[in-house]
Amino acid sequence: MPAKIQVLPLHVSQVIAAGEVVERPASVVKELMENAMDAGSTQVIVDLGGGGIQFIRVRDDGEGIEPEEVSSALQRHATSKIRKAEDLFAIETYGFRGEALPSIASVSKMTIQTRVRHSMSGTRVLCEGGEIRSIDEVGCPVGTEVEVRDIFFNIPVKRRFLKSIRAELHHGLNHFLRLSLASPRVAFKFIHDGRVLHDFFGAESPHIRLEAIFGKEIYDDLRDFSFEEGEITISGFASLPSISRRSADGIYLYVNQRFVRDRMVHKAIVEAYRHVIPTGRFPVVILNIKVPPYAVDVNVHPTKAEVKFRDPERIFQAVYGAVHSLNEPNGLAHPATPPEEDRTIPGDFKQTPPAHFSAVLPSAQLSFRTGSEAVFSVVRDPSVLKEDVEEKARVRILGQIQGTYLIGEAEEGLILIDQHAAHERILFERYKRQYETHSVPMVQFLIPIVLELTAEDSFLLSSYLEEFHSTGFEIDQVGERDYALRSAPSLIPEKDLKEIVQEILREVSSLRKKGREGQILHSILISLACHSAIRANFALRGEEIEELIRNLSVYSLSATCPHGRPIFYVLSLDELAKQFKRR
Ligand code: ADP
Ligand code: MG
């Protein structure tokens, strides 16, 4: 009887290994482009046929490969990028595993044509299913061109599983964009079935690349930020709240230039936008994390799509801090005209001083017009706040439904406003300002309100008395678990006070458990806003509506309440026409 356990024939194990690196044509695009970048190229051309299923060709003007080394490049674990195991902890190149070329070669028909600068001629290698068929001396330009045809020709199952040309092209383009975003100095071109889809020239400044990739509209709503803490540098671009997307694919995360996915960093970004865009929507963020190579392990994933930080919590805080600094609610509350940005100034991500949201307006801005009926206007272009613009685009409040929503008419259709969410947001900003200027209006009680707390709550309250105090609560400990509340923020109804203190303590406890003590003050301000805001099911008088609308005038249509619920809902005229089958 033959032995049950046998060593696999070489070609089988090669194909198995290849599966880890080469998932689909797009993986080839990524690996070949990365090699081109590692070779110090200034120009990279990616050319695909049939979404890459037919062929993928990547040509660069990098350092090339020496004639006698071309065949080594095709061997497994052959790399010029690291020499010893320690080097793994100091990686500054995209590649280091020496797996891409052999893996791709084993599942396709590959041609490599390459020439180093000091040589008069180049080398061409033909390879099929991992077997080298020929090596010839040829005339060719300096640099390397790798062509990969008929991917998975020898693994029919995999070939059958390829998606449509469009889907494969889409994946390929994603890798192309991620890599070209990371290296604005390099020129990139993307050709599909003979048509040039992208042509980026090499530019000194990342701004030009950003605009080329995202388009002017999104680019205009991106603000740069940078943040340094010890050896961690966080920099990049983040969208204003006026932009939000249904999916998270506008979030580009780079760690030392490498595009990666990281759940924790992703969370930090989403968290930083929590009160500015609706929950379930995502910003556009290009985030570069620079850490010394030893502070991050890039060798944890076969396609290097994930990394492991030595100190994840510190990274989380740094990312949150950097992005959140742009999203300071205060910034939104005090809009100003955007400064003229000089886009032609060359510089890297860090050179421009961090712009704050306070310096710019969300693209759709509401501004109030006086009148007997509540009327406010929507200004699309923040730089022009002229009367004639207001004339064109105004919103007229028509009434209130269910004592809960305000309803208005605007140029683009019907606008609904959640009065509680709106008021909550306004109060939150107000409390925040008052807190910052130590001017929270307080009422003093002649007879202090006595709070009897559980042991845990008592411990929490005694640890955070300072925070309570700075937000308008004057509380003294009078017994082991007894406290006297002597004064409180004046907007909070007295009957709610005990409840709100309890609620804050519950929140404090949960934040502590998550290691987010930094957000405690923020959450106290949210609780205050929530408790003093007008509730749903509350009929408002005309002047009250007017007042609310006036205060809302600085918010964008995508603004949310401090808990992340939207304030506005716009039913477009188009939508209405569709509903009534007029279109
Ligand atoms: P890795 O990138 O992990 O080193 P690869 O299999 O991708 O492994 O490539 C193997 C080697 O071939 C590289 O280390 C490099 O020396 C060489 N090489 C591959 N592509 C290029 C290129 N476009 N230009 C110059 N050298 C290249
Ligand atoms: Mg490589």
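Miscellaneous remarks
- Only protein heavy atoms count here; on that basis, with a 1.4 Å probe, Ile277 has an accessible area of about 0 Å².
- Förster radius 41 Å - calculated FRET efficiency between Lys514 and Lys4 (Cβ-Cβ, nearest 0.05): 0.25
- Cα-based helix-to-principal-axis angle, 497-513 vs the chain, degrees rounded to 10: 20
- A Förster radius of 35 Å combined with the Cβ-Cβ distance from Ser119 to Phe201 puts the calculated FRET efficiency at roughly 0.80.
- Given the chain, longest segment not containing exposed loop chymotrypsin sites (Phe, Trp or Tyr not before Pro) (DSSP; at most 12 other Cβ within 10 Å): 162-579
- Relative contact order of the stretch 118-171, taken over Cα pairs closer than 8 Å and 6 or more residues apart, is 23 percent.
- Restriction of the trypsin sites (Lys or Arg not before Pro) in the stretch 506-569 to DSSP coil positions whose beta-carbon has at most 13 other beta-carbons within 10 angstrom yields Lys514, Arg535, Arg541.
- Measuring r between the beta carbons of Glu69 and Ala167 and using R0 = 35 Å, the FRET efficiency lands at 0.45.
- Mean sequence separation of contacting Cα pairs (under 8 Å, at least six apart), scaled by the length of the stretch 140-228, corresponds to a relative contact order of 16 percent.
- Subset of Lys308/Lys432; Lys267/Lys290; Lys158/Lys308 violating a 26 Å alpha-carbon distance limit: Lys308/Lys432; Lys158/Lys308
- Restricting the calculation to Cα atoms, every distinct pair contributes to the Kirkwood radius of the stretch 237-304, found to be 12.9 Å.
- Listed by chain and number, the lysines whose C-alpha is less than 22 Å from the C-alpha of Lys163, apart from same-chain residues fewer than 8 away, are Lys30, Lys109.
- Each residue of the stretch 256-268 is assigned a 3J(HN,Hα), and the resulting list reads 6, 6, 8, 6, 9, 9, 8, 4, 5, 5, 4, 5, 4 Hz, derived from the Karplus form 6.51 cos²θ - 1.76 cosθ + 1.60 (θ = phi - 60°), x at Gly and Pro.
- The chain: angle of helix 312-326 to the longest principal axis, Cα-based, in degrees nearest 10: 60
- On full extension, the segment bounded by Lys308 and Arg245 gains 19.9 nm, given 0.36 nm per residue less the C-alpha separation.
- The largest-to-smallest principal axis extents of the Cα set in the chain are 95, 64, 56 Å.
- Inter-probe distance in nm under a simple model that places probes 7 Å from Cα toward Cβ, at His77 and Ile191: 3.9
- The residues His170, His192, His118, sorted by heavy-atom accessible surface at 1.4 Å with ligands and nucleic acids left out, run His118, His170, His192 from largest to smallest.
- Potential extension, Ala455-Glu137 segment - 0.36 nm per residue separation minus Cα distance: 106.2 nm
- The chain: angle of helix 10-21 to the longest principal axis, Cα-based, in degrees nearest 10: 30
- The order of Asp482, Asp87 by accessible area, most exposed first and with a 1.4 Å probe, is Asp482, Asp87.
- Cα gyration tensor category, rounded, prolate or oblate, for the stretch 1-117 with a/c compared to 1.5: oblate
- Charge dipole of the stretch 1-133 about the Cα centre (unit charges at C-beta), most positive-ward option of Ala36, Val22, Ile132: Ile132
The values are calculated or read from the model by the stated rules, or taken from the named source; none is laboratory data. Since the model is a prediction, treat every value here as computed from it, not as a measurement. Every residue, glycine as well, gets a Cβ built from its backbone with ideal geometry; the counts of neighbours run over all protein chains shown. For the accessible areas, the whole protein counts, side chains as well, though only heavy atoms, and no ligand, DNA or RNA atoms are used. Shrake-Rupley method; radii C 1.70, N 1.55, O 1.52, S 1.80 Å.
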